[in-house]
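Step one of this worksheet: look at the structure below.
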Amino acid sequence: MRILKKKSWELPDSAATSERDYINRRRFLKAVGLGSGALLGHSIANAATVGFPSPLNSAYKLEGLEPTPYDLVKGYNNFYEFTTDKGDVQELANQGWKTEPWEIEIKGHVDKPMKLDVNECITKVGGIEQRVYRMRCVEAWSMVIPWDGFQLSKLIDLVQPTDKAKYVKFTSFHDPKSAPGQKGGGIDWPYVEGLTIEEARNELTLLATGIFGKPIPNQNGAPIRLVVPWKYGFKGIKSISKIEFVTKQPLNTWQALQSREYGFYANVNPEVDHPRWSQASERIIGSGFFSSRKDTLMFNGYSEQVASLYKGLDLRRNF
Amino acid sequence: MNGIARFLKKKWVLYTLLLTPILYLLLPQARSETEFQADPAKYLLEYIGLSATILFVIALMITPLRKVFPKSPIIKAFAFHRRQIGVSVFIYALLHLLIYFAYTGSWSGFVKDWEKLFILSGIIALILLLVLAVTSNNRSVRALGGKRWKRIHRLVYAIMFLLIYHQATQEKTGYQETAKIFAPLLILQAYRIGLYGKRSLDQRSNDKS
């Protein structure tokens with residue numbers, strides 16, 4: 001027969017907290033406002049709220065293209081800071097991660113470096129506007145999204161870069177406590193992206209603070225993210241906390257991870273395949289099982305605005 | 001234990017178990033997932049592919065598990081169904097290919113990607129699975145002779161490496177998922193090889209004395 005004998009360090013059962021007291025403790029935390037509601041941030045206002053409703057810029061309304069349903073835009077997200085499961089980002093990014101207040105630091109080769117709150121930043125550049133852009137993911141799917149934001153060039157004009165500024169380096173947030181994906185995943189956090197100064201100054205390059213006329217949901221990169229519609233989606237770094245003007249080409253996160261598959265430019269190009277799949281066509285998100293694909297357009301259909309940036313550049317090598 | 005084993009030995013129980021991945025898709029929960037609504041073909045492609053891989057791993061774990069637990073009636077029940085499980089791997093893999101066809105949207109798009117090792121590894125694995133599936137009946141064993149039949153069916157190990165490659169390449173950061181799926185199988189197979197090596201060593205020292 002086996003006899004259970006308590007070790008000297010084991011507590012008697014009578015020392016355990018009773019269920020009644022345990023439940024009272026929960027009620028107490030709730031009463032003082034520390035319950036899950038407060039801790040998980042459900043009641044906290046998130047993202048940047050200045051500038052809404054924003055006027056539509058009719059030069060960018062993509063006539064004839066239906067925007068992707070809002071629920072899919074905010075429910076199907078690549079945001080590895082939280083999880084690699086596109087359908088689960090929405091939940092995980094709204095469990096206490098605070099995107100308001102949010103400070104952005106702008107530094108490097110600029111005459112007027114600054115550190116300011118995102119709402120203040122929106123006011124300084126003169127508010128936001130709405131633009132409808134095509135969005136093409138490197139995974140060969142696409143959406144049409146009405147963004148609210150401002151042209152990056154407006155911010156560049158404010159900080160006045162010097163001649164030494166050849167590239168713009170963007171760095172996202174780093175907070176593994178709120179963003180569980182940052183605890184590992186084989187990625188060197190925080191997420192980094194970069195553009196040439198000419199790309200950053202292009203009329204299409206946007207810093208977005210909203211989608212569908214509302215403040216941008218956390219999972220879409222609150223409170224401020226980059227939108228570069230002629231490049232693959234991963235160039236659109238989310239939740240930016242630092243913008244630096246530098247001389248050397250920044251090493252972006254995906255290039256650092258897999259330089260054979262992802263480069264610095266990442267321009268949408270139907271003629272240059274990904275090593276594992278063709279980039280010649282794309283699946284339209286929300287269009288069903290048998291929906292045929294549509295052909296991918298050079299520079300995602302924005303050749304007119306950006307083709308001149310890459311004159312003389314071998315796009316097959318500089319993918 | 002014996003009761004569970006007897007239950008597991010029933011044909012309808014086996015077929016229900018093999019159909020669970022598809023039965024799950026009939027639930028409204030599965031189809032309300034955003035990933036399903038965003039791109040159902042991609043969702044099904046990955047889901048059915050993963051089901052095939054997991055069934056493959058289960059099928060290949062049965063024999064080494066019998067070596068580890070020679071007396072377990074439950075494992076014996078699984079061993080009893082081993083060939084059917086193997087055939088179901090082929091059926092899921094074929095389904096995966098058909099969905100891939102729908103996913104690419106056209107014949108030209110479908111064929112174009114075959115040159116990519118990622119796609120090619122899957123197609124070769126499927127062809128080999130077809131060979132095993134059509135020779136999985138007793139008639140084939142008799143026609144081919146036990147020895148030759150066994151030699152042909154050792155192709156499962158080639159399929160295993162193709163599947164590891166196929167699964168690992170579709171991961172974007174690291175290989176954690178592939179490692180999780182295949183680790184139990186690889187550990188069991190290593191144990192089996194170790195056991196086999198030890199036996200042949202023992203035999204050799206016996207021969208000497």
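The values are calculated or read from the model by the stated rules, or taken from the named source; none is laboratory data. Computed from a predicted model, the values in this text were never measured in an experiment. Neighbour counts are summed over all protein chains in view; Cβ atoms, including those assigned to glycine, are modelled from backbone coordinates with ideal geometry.
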Conditions (1) modelled with pLDDT of 90 or more; (2) more than 14 Å from every other protein chain (Cβ to nearest Cβ): number failed by B:ILE74: (1)
Spans of helices (runs of 4 or more DSSP H) in segment B:1-99 with at least 3 residues of a type in the set (Val, Ile, Thr) and over 11 Å from the mean Cα position of the chain (by Cα): B:11-26, B:40-68
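If we keep just the residues of segment B:28-40 that are of a type in the set (A, V, I, L, M, F, W, C) and surrounded by fewer than 21 Cβ atoms within 10 Å (Cβ to Cβ), which is farthest from the other protein chains (Cβ to nearest Cβ)?
The initial filter retains those residues of segment B:28-40 that are of a type in the set (A, V, I, L, M, F, W, C), namely B:30, B:36, B:38.
Subset that is surrounded by fewer than 21 Cβ atoms within 10 Å (Cβ to Cβ): B:30, B:36.
Details: B:ALA30: 11, B:PHE36: 8 Å.
Ranking the candidates gives B:ALA30 first.
In segment A:260-273, is there at least one residue being more than 15 Å from A:VAL138 (Cα to Cα), in contact with a Gly (Cβ under 9 Å, 6 or more places away or on another chain) and either of a type outside the set (Gly, Ala, Ser) or within 14 Å of chain B (Cβ to nearest Cβ) (or both)? Working first, answer last.
Of all residues in segment A:260-273, those more than 15 Å from A:VAL138 (Cα to Cα) come to none.
Within segment A:260-273, none of the residues are more than 15 Å from A:VAL138 (Cα to Cα), in contact with a Gly (Cβ under 9 Å, 6 or more places away or on another chain) and either of a type outside the set (Gly, Ala, Ser) or within 14 Å of chain B (Cβ to nearest Cβ) (or both).
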Segment A:183-210, residues that are modelled with pLDDT of 95 or more and assigned to a helix (DSSP H, G or I): A:ILE197, A:GLU198, A:GLU199, A:ALA200, A:ARG201
When residues of segment A:245-258 are limited to those that are assigned to a loop (DSSP other than H, G, I, E, B) and more than 14 Å from every other protein chain (Cβ to nearest Cβ), the one surrounded by the fewest Cβ atoms within 10 Å (Cβ to Cβ): A:LYS248
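Residues checked against (1) polar (S, T, N, Q); (2) touching a His at 6+ places or on another chain (Cβ under 7 Å); (3) farther than 30 Å from A:THR84 by Cα; (4) modelled with pLDDT under 85:
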| site | (1), (2), (3), (4) |
| --- | --- |
| B:THR135 | yes, no, yes, no |
| B:ALA143 | no, no, yes, no |
| B:PHE161 | no, no, no, no |
| B:TYR175 | no, no, no, no |
| B:LEU185 | no, no, no, no |
Test: residue in segment A:230-242 that is of a type outside the set (Ser, Thr, Tyr), in contact (Cβ under 8 Å) with a residue 24 or more places away in the chain and within 14 Å of chain B (Cβ to nearest Cβ): yes
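Would it be correct to say that A:TYR70 is of a type in the set (Ser, Thr, Tyr), within 29 Å of A:GLY184 (Cβ to Cβ) and either within 14 Å of chain B (Cβ to nearest Cβ) or touching a residue at least 40 places away in the same chain (Cβ under 8 Å) (or both)? Before the answer, list the steps.
Working: of a type in the set (Ser, Thr, Tyr): yes; within 29 Å of A:GLY184 (Cβ to Cβ): no; either within 14 Å of chain B (Cβ to nearest Cβ) or touching a residue at least 40 places away in the same chain (Cβ under 8 Å) (or both): yes.
For A:TYR70, the condition - of a type in the set (Ser, Thr, Tyr), within 29 Å of A:GLY184 (Cβ to Cβ) and either within 14 Å of chain B (Cβ to nearest Cβ) or touching a residue at least 40 places away in the same chain (Cβ under 8 Å) (or both) - is not met.
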Selection count, segment A:288-316, where residues are polar (S, T, N, Q), within 14 Å of chain B (Cβ to nearest Cβ) and in contact with a Ser or Thr (Cβ under 9 Å, 6 or more places away or on another chain): 2
Extreme residue, farthest from A:ASP71 (Cα to Cα), among residues of segment A:129-174 that are part of a strand (DSSP E or B) and among the β-branched types (Val, Ile, Thr): A:VAL168
Odd one out for A:ASN24, checked against (1) assigned to a helix (DSSP H, G or I); (2) of a type in the set (S, T, N, Q); (3) at pLDDT 95 or above: (3)
Enumeration of residues in segment A:277-319 that are surrounded by fewer than 16 Cβ atoms within 10 Å (Cβ to Cβ) and in a strand (DSSP E or B): A:LYS294, A:ASP295
Selection from segment B:92-106 of residues that are within 12 Å of another protein chain (Cβ to nearest Cβ), touching a helix residue (DSSP H, G or I) at 6+ places or on another chain (Cβ under 8 Å) and either surrounded by fewer than 18 Cβ atoms within 10 Å (Cβ to Cβ) or hydrophobic (A, V, I, L, M, F, W, C) (or both): B:ILE99, B:PHE101, B:ALA102
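Check whether at least one residue in segment A:104-124 is at positive phi and of a type in the set (A, V, I, L, M), and report yes or no. I'd like the intermediate steps shown before the answer.
If we filter segment A:104-124 for residues that are at positive phi, which is where we start, we get A:108.
Filter again for of a type in the set (A, V, I, L, M), leaving none.
Looking through segment A:104-124, none of the residues is at positive phi and of a type in the set (A, V, I, L, M).
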